[in-house]
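> One structure, pasted below without further comment.
Derivation of every value follows stated rules applied to the coordinates shown; laboratory data play no part. Everything numeric here is computed off the predicted structure, so don't read it as measured data. Because the Cβ atoms are built from the backbone with ideal geometry, glycine has one as well, and the counts that use them run over all protein chains shown.
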Amino acid sequence: MNTRTLTVALACIATVALVGCDPADAEPTPDTPATPQSTAQAPAATPSKATEAPAEAKAVPNFVGMGLQSAQDVAQKEGFAALTSHDSAGRGRAQVFDRNWKVCSQNVAAGKTVPADTTLDFGTVKLEEDCPANDAEAPETADGKMPSLVGKSVKVARKALDSSTSITVTDAVQSRMVLMESNWQVCTQSPSPGAALNGQPVEFTAVKFEEDCP
């Protein structure tokens, strides 16, 4: 065998060896599938409904005879925050300046134990006035009949009627304008007490409370 033939033979052997060892010719190994991760989530815990604790029980102090402002201060100090007041004289006056009013009655008896969120209502009159034996009751229209409103404040009389009622108020002794209606008392009324109310206008004459009706 000459040199050229030997060289060609060796080249062929080398080529075969390289091709046989080529990794590309190896049978591919299938990929191992990844273990799927669970996407299911645990159900959320249902929150329990919060239960509000009941208000603390407190003994109600005696407020009768106190100034309204002082009564309110004491009530708040004792833990009572829901406070209101009204005019015991039945005139419908608002307690704008608390220090000008005194307590005549209270809706919860002194010494009674009640929840601290109970509303305390004080019946009051002006400092220079005497407390009535009982709170004056507000008049009401019953069975569509005109109530008796003589002696009531014009403010209370107006409130006793339907809000759509046409009402005229005139001074019974002079020609003054009736402006602060809680300071005026009814002297006469038309229609008369007991008359049927069918939407007709209502008329009052009035004087100030410190005056006498003519």
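> Considering only DSSP beta bridges with both partners in region 64-129, what is the antiparallel share in %, to the nearest 5? Don't jump to the answer; show the numbers that get you there.
On the way: 6 of 11 bridges.
If we restrict to bridges inside region 64-129, about 55 percent are antiparallel.
> Which of rounded, prolate or oblate describes region 81-143 when judged by the alpha-carbon gyration tensor and an a/c cut-off of 1.5? Mind dumping the intermediate values first?
Working: a/c = 1.76, a/b = 1.22, b/c = 1.44.
Oblate shape, in that a/c is at least 1.5 and b/c is the bigger or equal ratio.
> Where both partners of a DSSP beta bridge lie in region 154-208, what percent of those bridges are antiparallel, to the nearest 5? Walk me through the numbers before you get to the answer.
Working: 6 of 11 bridges.
Among the beta bridges of region 154-208, antiparallel pairing accounts for roughly 55 percent.
> Amide H of residue 125: which non-local residues (sequence gap of 5 or more, or other chain) have their own amide H closer than 5 Å, using H built in the peptide plane?
Under 5 Å from the amide H of residue 125: 88, 102, 104.
> Would you please put 137-145, 166-174 in order of how densely packed they are, using the mean number of other Cβ atoms within 10 angstrom per residue and starting with the highest?
Details: 137-145: 11.1, 166-174: 13.9.
Ranked by mean Cβ neighbours within 10 Å, highest first: 166-174, 137-145.
> Sort region 154-208 into rounded, prolate or oblate with this rule: let a ≥ b ≥ c be the square roots of the eigenvalues of the Cα gyration tensor; rounded if a/c is under 1.5, and if a/c is not under 1.5, prolate when a/b is larger than b/c, oblate otherwise. Could the numbers behind the result be given before it?
On the way: a/c = 2.06, a/b = 1.66, b/c = 1.24.
Prolate, since a/c reaches 1.5 and a/b exceeds b/c.
> To continue, here is another question. Just to be sure I understand the model, the point goes 7 Å from the Cα along the line to the Cβ. What's the resulting residue 164 to residue 74 distance in nm?
4.8 nm
> Calculate one ³J(HN,Hα) per residue across region 178-185 by plugging θ = phi - 60° into the Karplus curve 6.51 cos²θ - 1.76 cosθ + 1.60, and present them in order as whole Hz with x for glycine and proline.
For region 178-185, the Karplus-derived couplings read 8, 9, 7, 5, 6, 9, 10, 10 Hz, x marking Gly and Pro.
> Something else: Run the reach check for residue 58 against aspartates and glutamates, Cα to Cα strictly under 20 Å, same-chain hits fewer than 8 apart removed. What comes back?
Filter leaves 73, 78, 117, 121.
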